[in-house]
Amino acid sequence: ETGVTQSPTHLIKTRGQQVTLRCSSQSGHNTVSWYQQALGQGPQFIFQYYREEENGRGNFPPRFSGLQFPNYSSELNVNALELDDSALYLCASSLKGATEAFFGQGTRLTVV
Amino acid sequence: SQQGEEDPQALSIQEGENATMNCSYKTSINNLQWYRQNSGRGLVHLILIRSNEREKHSGRLRVTLDTSKKSSSLLITASRAADTASYFCATATNNAGNMLTFGGGTRLMVKP
């Protein structure tokens, strides 16, 4: 167990809807990163948050947005869901400047 | 887009044999990390090698890095059935070394 928890574990949404995924960081970790992993592929970096501000972003459209709260927990929001958004969404926490990332078990999102 | 490409995509061996997985990447890196993933769940950090290192060991794991060829290899010695999983290399290009670009992974099956 890494101490990073994600909720929910599974979710089914309809195309066009909005979804919010949640992540609780490992205690003391101030940096949270989100990744999208399509079936059979490696994870792709969505964005990273540090001290409640976006600290870096991958090649994802603006309908993917996030938040980090003062307790370092985080949310990933996706608007106007598309079928291709179906994937495992992984959250990873780390210390700023530290290289090892600790991953949660992921949220499997299915868009129908 | 994915920075790293793993080779082979799938590997099947007998328990006790060694497993070698290779990873190639495209740009200059801060570090390269290897992760393991069981059945599409969370990723577990295995080992990190910095750009100025050439080889690193951790238990039954041996990682090499050749920055001139932009490639790395992961060797698992004396494999066990419990090593069955997907293995991903990930490169970090930011200064903090924690924004990761993953390869497509190698699916390893170790037969008892």
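Read-outs: derived from the displayed coordinates by stated rules, not from any lab. Bear in mind the structure is a predicted one, so any value in this text is a computation, not a measurement. Cβ atoms come from the backbone with ideal geometry, glycine included; neighbour counts cover every protein chain shown.
Things to note:
- Entry note, chain A: relative contact order of 38 percent, from Cα contacts under 8 Å with a spacing of 6+ residues.
- Peptide B:63-69 shows a mean partner chain C-beta count of 0 within 10 Å per residue C-beta.
- Among B:Lys26, B:Lys69, B:Lys56, the residue with the largest mean-square fluctuation in a Gaussian network model of chain B, with springs joining Cα atoms closer than 10 Å, is B:Lys69.
- For the protein assembly as shown, share of DSSP beta bridges that run antiparallel, in % to the nearest 5: 90 percent
- Here the spin labels are modelled as points 7 Å beyond Cα on the Cα-Cβ line, and at A:Thr110 and B:Arg60 they lie 3.4 nm apart.
- Given R0 = 25 Å, the distance between the Cβ atoms of A:Thr14 and A:Asn59 translates into a calculated FRET efficiency of 0.50.
- Candidates B:Val63, A:Phe69, A:Leu81 compared by Cα position along the dipole of the protein assembly as shown: farthest toward the positive end lies B:Val63, with charges placed on Cβ.
- With 10 Å bins from 0: P(r) over the protein assembly as shown, alpha-carbon pairs, percent: 8, 34, 35, 18, 4
- 28 Å Cα cut-off, lysine pairs counted over the protein assembly as shown (separation 8 or more, or different chains): 9
- In chain B, one over the average inverse separation of all distinct C-alpha pairs is 13.9 Å, which is the Kirkwood hydrodynamic radius.
- Average projection area in nm² (convex hull over Cα atoms of region B:12-52, one quarter of hull surface): 4.4 nm²
- In this label model, B:Ala82 and A:Glu100 are separated by 1.8 nm, measuring between points 7 Å along each Cα→Cβ vector.
- Within region A:43-112, all pairs of alpha-carbon atoms sorted by distance into 10 Å bins from zero give the percentages 17, 54, 25, 3.
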